Structure formats: C-alpha cells, structure tokens
Amino acid sequence: MSDLAQLGSAEVLRLAGLRKSYNIGLPTELEVLHGLELTLARRDFASLVGPSGSGKSTLLNLLGLLDSPTAGDLYLLGQATRLLDDERRTALRAQAIGFVFQFHHLIPAFTALENVMMPMLVTHGRPSAETITRARGLLEEVGLAGFEGRKPQELSGGQQQRVAIARALITRPALLLADEPTGNLDTKTAAGVFELFRRFNREYGCAVLVVTHDPRLSAVCDRTITLVDGSIVSDELHSRT
Amino acid sequence: MWIESTIALRFLREGRAQTTLILIGIAVGVSVIVFIVALIRGLQGNIVERTLGTQAHIKVEAPDEINRLAPLPAGTTRLVLETRRAQRLRSINNWQQVMAVLDGFPGVRAVSPVISGPAFARRGNAVESVALVGMDPIRYQRIIPLSEDIVAGQLKVGAGDAVIGRLLADDLGLKVGDKFRLAAGLGREAQLNIAGIFELGVRELDQRYVYLDLKQTQSLLDLPGGVTVIDITVEDIFTAQDAARRIAALTGLKAESWLDTNAQLVNALRSQSMSTAMISFFVAVSVAFGIASVLSISVVQRTREIGILRAMGTRQQQMLKVFLVQGAVLGLTGSAIGAFAGYGLVWVFNTFGPKLFYIPVAPTLVPLAMAIATLTGTVAAAVPARRAARLDPVVAIRHV
Ligand SMILES: Nc1ncnc2c1ncn2[C@@H]1O[C@H](COP(=O)(O)OP(=O)(O)OP(=O)(O)O)[C@@H](O)[C@H]1O
Ligand SMILES: [Mg+2]
C-alpha cells in the first residue's frame with residue numbers, strides 16, 4: 001500500500017519558468033505563456049480551465065512534446081526535455097504520453113481495434129497477442145465491445161471519442177493529455193467520458209490533465225488549474241469525492 | 001517496416017479514385033515504353049537480319065598496293081611525283097594458313113574463302129556484266145544460307161555448273177538446265193550449265209552474282225590456287241568492328257566489318273535507338289511527375305492524419321517511408337499492369353498488324369521496366385515524403 005502511495009505522489013511532470021512566444025523576430029511577436037511553474041503527480045486528475053485564447057492548447061502541446069518552449073524547462077518523468085532531438089522527443093512522447101483531441105482524430109483507413117493499437121504499432125511493429133488482448137480489453141472498458149472491426153466513419157461521435165481514449169491508454173502512459181475532449185459531445189456522453197478518465201486515473205495511476213470549458217465537468221476533477229492570459233492565476237484542490 | 005507498408009497500402013486503398021487514376025497513368029506510360037522499345041528492337045533486329053542475310057560480318061582482303069620509296073640518304077632532298085597504283089585483282093597470300101588462324105579465332109563462328117572478280121555473261125547476242133563468286137558451298141552456306149533462297153533447281157557448283165540470280169536469268173532468258181558463256185577477258189572463257197537460280201531479294205545481287213566453284217573461278221580470273229576474300233561471321237554481330245581490328249592487326253590484311261561497310265545504316269539505327277531512349281525517358285519523367293503530384297496532394301489531404309500519427313509516436317523516418325512506399329507500390333503496380341498491356345499491344349501488332357516483321361519481346365524487358373518504374377516511383381515520392389516527415393505535428397493536427 002505504501003508502494004502505491006509512493007507511486008501516486010511521484011512526479012510525472014514539472015515546469016520551471018516555461019515561456020512560449022509565437023512569431024519570434026516578427027513585428028507580430030507575441031508571448032502567450034509567461035513563465036509557468038507547475039508540477040503534476042501521478043495520482044493527479046486535473047482540469048485546465050481559462051478563457052478562450054488564454055494559452056491552454058499551447059500549454060498542452062508543450063507538455064505533450066509536440067511543440068518546444070521558447071524558454072524555461074520541462075521535465076517529463078524526471079527527464080529534462082529541452083535538448084532532446086526530434087527522434088528522442090518522439091520516443092519519449094510515445095512512451096510517456098497519451099493524447100485525446102477535441103475532434104477524436106482517428107485514422108479513417110483503420111478499424112477501431114487497429115486505431116486503438118496504433119501507438120503500439122508505430123513503435124513496436126506487428127502487434128503481439130498481448131497488445132491485441134489489451135486493446136480489446138480497453139475497447140470493452142469504454143463500452144465498445146463488439147465494435148472492433150468498425151471503421152471510424154461507421155461510429156457515432158461519442159463512440160469515436162471513446163475509441164480515441166482507448167487509444168491514448170494502450171501504451172499505459174504516465175500522463176494523459178486531453179484538449180477539450182468533450183467539446184463536440186452532448187452533456188451525457190461528456191460526463192461518461194470524464195467517468196472513464198476518472199477510472200483510468202484510479203486504476204492505472206495515470207495522471208490526467210484535461211482542458212474543458214464546462215464548469216460542471218471541471219468540478220468532477222480533483223484539481224483545477226486556471227490559466228488567464230498566459231499565467232496560472234489559481235491552482236486548487238477539491239476534496240475527493 | 002511492417003507498419004509503414006501497412007499504413008502506405010491502407011492510404012492507397014482508401015484514396016481509391018486517386019490511386020486508380022494514377023495507376024492508369026503509370027500503366028499507359030509503361031505500356032508505351034514497353035511497346036515502343038519492343039517495336040524498335042524488333043524492327044532493328046529485322047533490318048540487321050536482312051542486311052546480314054546477304055553479306056558476311058567481316059570481309060578480309062589483301063592489303064592495297066602502295067608505292068614504296070627507298071629510304072633517303074642523309075643530307076639529300078628528293079622531289080617525288082607519285083602515280084598511285086591501280087589495284088589489280090590479287091590473291092591473299094598464304095590464305096590457307098590465314099584461314100586456319102581465323103578458324104580458331106575467339107568469337108568467330110564461320111570462315112569461308114571466296115574468289116570474286118568481274119566477267120561478262122553472254123547468251124546469243126545478249127551480254128550482261130556480272131560478278132563471279134567462286135566458293136566452297138559447304139563453308140559459304142555457313143555465312144550466307146544460299147540454299148534457302150534457291151527458287152529453281154538446286155545449289156550446285158563445280159564441274160561446269162553455275163548458280164545465277166533470278167534477274168540475270170530473266171535478262172538472258174535462261175532457265176535451269178540452259179547453257180551460257182562467261183568471258184573474263186584475255187580469251188579466258190567458259191561454257192556453263194545453270195544448276196540453280198537464287199533470289200536474295202537484293203536487286204544488285206540478283207542481277208549480277210554468278211556462283212561457281214573455287215577452281216573454275218580461279219582459272220577464269222587467272223589466279224590459280226588463290227582467293228581474294230575471306231568471309232567471316234562472328235558470334236556477336238556488334239563486336240564485328242572490334243574483331244575486324246584484331247584480325248587486321250594479327251594478319252596484316254585488310255579487314256572490314258559490316259558496321260563499316262553499312263555506316264549509314266548503323267548510324268540510322270543508332271539515331272533510332274537514341275530517339276527511343278529519349279521518348280522512354282520523357283514518358284518516364286512525366287510518369288514521375290504524375291506520381292509526385294498525386295502524393296503531394298495526398299500529403300495535404302492527410303495532413304491531420306500525419307499529425308495524429310506523429311503525436312502517437314511515429315518518427316519522421318517512418319513518416320518518410322510511408323510515402324516512399326506509396327511511390328514504390330504505385331510504380332510497381334502501375335508498371336505491372338502497363339507491361340501486361342504493352343505485351344498485349346505487341347501481341348495485337350504481331351497478330352493483326354501489317355505482318356511485315358515479328359516483334360519478339362525480350363524476357364528482360366518487362367522486369368527491367370518494372371524495376372525502373374518502381375525506382376522512379378520511389379524517387380518521385382521523395383519530395384512529398386520529405387514534406388510529410390517535416391510537417392509540424394501541432395500545425396498538422398489543427399489542419400482541417
Ligand atoms: N501558431 C500560432 N501563431 C501565432 N499565434 C498563435 C498560434 N497559436 C496560438 N496563438 C495565439 O496564442 C494564444 C493562445 O492560443 P491557444 O490556442 O493556446 O488558446 P486556448 O486557450 O486553447 O483557446 P481556446 O479555448 O479558444 O481553444 C492566442 O492568442 C492565439 O491567438
Ligand atoms: Mg484550445
């Protein structure tokens with residue numbers, strides 16, 4: 001039990017003075033993030049909220065190593081990421097991070113099951129029996145047992161998003177990043193998606209950081225980080241439900 | 001490599017309309033190349049075959065006679081008025097030994113001694129100027145398969161028998177079994193019996209050639225025991241020039257290959273080959289541009305998918321390969337269809353065409369065309385593939 005507790009408090013992510021500017025060197029140069037400090041632990045289930053244009057997506061892309069900060073440091077699983085080349089960043093991303101985007105973003109040419117396995121396929125090639133079993137298990141957990149062979153266009157928006165969530169979890173990532181994952185889903189389906197995040201956060205000890213505009217959904221999370229004009233203005237813990 | 005190929009194939013299969021159209025484009029290009037190359041090779045092979053059907057690959061003759069000046073004593077000058085010497089009919093010195101050497105010469109397939117010179121053929125008051133060709137039928141046949149061209153009688157020389165061309169026979173009103181007279185000057189005359197009539201299809205030969213045996217020709221031309229020409233055929237006709245040079249160096253005789261005597265024809269064939277190569281090249285270039293443009297469009301269309309794949313841990317190298325494989329697969333599949341269609345065109349030409357000649361398809365042509373098309377496809381894919389690999393994942397994911 002103490003092991004789990006220790007694991008739960010382990011640091012997944014740390015930001016130190018993280019800055020991001022767009023259009024550097026141009027007259028339109030704009031600093032979007034102004035020296036952020038933030039730490040996420042393994043057990044965290046946090047929401048990131050803030051007005052439109054405050055820099056939430058920009059921050060998420062930096063955390064996911066899809067983009068590089070202009071200044072400051074980002075430590076992922078204790079590893080400094082500033083000097084990694086594209087190859088190593090990609091490898092670290094594949095190993096440590098799961099993404100869920102606003103528009104589910106499945107690959108239309110592949111079935112639901114193949115889409116779920118995709119992060120394993122691109123890093124390890126042919127799927128092992130274990131990977132296939134795990135992918136089926138995940139689809140079952142998101143309530144899509146029996147939909148393995150469907151193509152994305154044969155699924156509803158909510159179903160697609162659930163496939164995308166299963167895909168984000170196939171590599172057992174330490175950090176799940178979701179940018180408005182429920183933006184185009186109805187309230188009931190959206191609540192269901194947050195339920196899933198909650199479960200995976202508890203069961204797999206995977207830190208979750210999810211951007212949302214919906215105060216009801218952010219209230220479901222344990223922690224709410226508020227970003228306004230590129231600065232963190234509040235970072236609150238709720239009592240666990 | 002498995003996942004790269006899988007994604008590439010799925011992408012191609014998903015973009016069915018685009019894939020089909022570009023495959024048709026590639027197939028048309030490749031079939032044109034296969035057909036035109038086969039056609040030109042067939043045509044050239046046919047021309048060369050016809051040309052060489054009536055002549056040796058290499059002719060060896062006695063060297064030209066030239067004036068030789070005595071060396072000058074030191075310190076003297078000399079004014080010379082030189083009259084070039086007329087080339088009389090001469091025998092090749094020691095031709096038996098030369099023949100023995102040539103028989104064992106590498107790359108030489110057949111050697112035949114010939115004595116030839118001018119004469120008049122006469123029947124009644126009709127006189128025709130002819131070329132006497134004295135030969136040994138067995139050896140000569142290995143150079144020019146004359147018996148295939150006999151249209152009347154048989155190929156039989158010696159003991160007063162002669163074989164003449166059909167046009168000459170017509171001019172003199174002769175048929176097999178008739179007699180005529182040959183006069184080679186200075187009272188050397190003979191009466192001959194026509195054993196056979198040939199038709200080689202070359203006007204000059206059909207009108208002028210009179211085949212006799214070696215002995216009778218030697219006595220008519222007053223060159224007892226001599227031969228004026230040694231005819232040679234070689235294994236590889238395009239090495240004839242080289243072989244002729246080596247034979248000349250070895251024997252000190254004059255050796256001329258068919259490539260020298262038919263310089264114009266060879267030149268025409270070379271130009272034709274070059275224009276074929278150029279057509280093939282430009283068709284290949286336009287096929288390459290077709291593949292490149294289709295894949296460029298595909299990269300734009302799939303920008304978001306590329307972004308997702310990158311976000312899920314796909315490396316730049318892998319993204320590059322996904323598009324290179326698409327280029328290669330398009331090249332390979334399109335050229336397979338195209339080669340098949342090209343074969344079809346050749347078959348149609350051979351079956352329903354003018355039937356002037358038959359087009360053989362070299363067994364190497366199809367795999368070669370496919371290999372080149374696959375390579376072309378891969379190279380053409382390089383530019384779009386690099387673009388795909390270098391897409392910024394953030395920008396790509398936001399792409400709509
Ligand atoms: N590629 C870019 N080039 C220049 N400016 C950009 C770029 N991307 C974002 N920005 C600017 O950065 C700021 C933050 O954008 P970001 O997308 O992070 O906001 P957001 O908090 O995600 O907003 P929303 O809630 O509407 O999604 C905005 O002012 C935006 O105009
Ligand atoms: Mg956003």
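Peptide B:312-321 has a mean of 6 when you count, residue by residue, the C-beta atoms of other protein chains within 10 Å of its C-beta. For chain B, the longest principal axis of the C-alpha atoms and the axis of helix B:263-301 are separated by about 0°. Scanning chain B for trypsin sites (Lys or Arg not before Pro) in DSSP loops with at most 10 neighbouring Cβ atoms within 10 Å leaves B:89-354 as the longest stretch between them. Evaluate the Debye formula for the protein assembly as shown with equal point scatterers sitting on the alpha carbons, no solvent, and hand back log10 of I(q)/I(0) at q = 0.05 Å⁻¹, in q order, two decimals. Ignoring solvent entirely, the Cα scatterers give -0.50. For the stretch B:95-252, the share of DSSP beta bridges that are antiparallel, to the nearest 5, is 75%. Per residue of B:302-308, other chain Cβ atoms within 10 Å of the residue Cβ number 4 on average.
Using Cβ point charges alone (K and R +1, D and E -1), the dipole size of the protein assembly as shown about the Cα centre works out to roughly 280 debye. Taking chain B as the region of interest, the number of lysine pairs whose Cα atoms are within less than 16 Å, with members eight or more places apart or on different chains, is 4. When B:Met319, B:Met278 are arranged by Cβ crowding within 10 Å, least crowded first, meaning fewest neighbours, the order is B:Met278, B:Met319. Each of A:Pro127, A:Asn184, A:Ser47 was scored by the projection of its Cα onto the charge dipole of chain A, and the greatest displacement toward the positive side belongs to A:Pro127; charges sit on the C-beta of Lys, Arg, Asp and Glu. Write down the percent of antiparallel bridges among all DSSP beta bridges whose residues are both part of chain A, to the nearest 5. Just about 55 percent of them are antiparallel. Ignoring lysines fewer than eight residues from A:Lys20 along the same chain, the ones with Cα atoms less than 19 angstrom from its Cα are A:Lys56. Taken residue by residue and averaged, Cβ atoms of other chains lying within 10 Å of the Cβ of A:167-176 number 1.
Here the protein assembly as shown carries DSSP beta bridges of which approximately 70% are antiparallel, counting only pairs with both residues inside. Along the axis of the charge dipole computed for the stretch B:95-252 (Cβ charges of +1 for Lys and Arg, -1 for Asp and Glu, origin at the Cα centre), the listed residues B:Gly124, B:Met135, B:Ala240 are led at the positive end by B:Gly124. Simple spin-label estimate for B:Glu148 and B:Glu204 gives 2.1 nm between the two label positions (7 Å along the Cα-to-Cβ direction from each Cα). Restricting the trypsin sites (Lys or Arg not before Pro) of the stretch A:186-241 to loop positions (DSSP other than H, G, I, E, B) with no more than 10 neighbouring Cβ atoms within 10 Å leaves A:Arg240.
Normalised by the number of residues in the stretch B:95-252, the mean separation of alpha-carbon contacts (under 8 Å, six or more apart) gives a relative contact order of 32 percent. Going 7 Å from the Cα of B:Val383 toward and past its Cβ, which residues in the stretch B:258-299 have a backbone nitrogen under 14 Å from where you end up? Under cut-off, by backbone N: B:285-299.
The GluC sites (Glu not before Pro) of the stretch A:108-216 include none that DSSP puts in a loop with a beta carbon having at most 13 other beta carbons within 10 Å. Here B:Trp347, B:Trp258 are placed in order of increasing Cβ neighbour count within 10 Å, fewest first, which gives B:Trp347, B:Trp258. Shown here for the stretch A:17-99: trypsin sites (Lys or Arg not before Pro) in loop regions (DSSP other than H, G, I, E, B) with at most 16 other Cβ atoms within 10 Å, namely A:Arg82. In chain B, the inverse of the mean reciprocal separation of distinct Cα atoms equals 26.6 Å; this is its Kirkwood hydrodynamic radius.
Just so you know, all these numbers are worked out from the coordinates, no wet-lab data involved. Fair warning: this is a prediction, and the values are worked out from it, not measured in the lab. With ideal geometry, Cβ positions are generated from the backbone for all residues, glycine too; neighbour counts draw on all protein chains shown.
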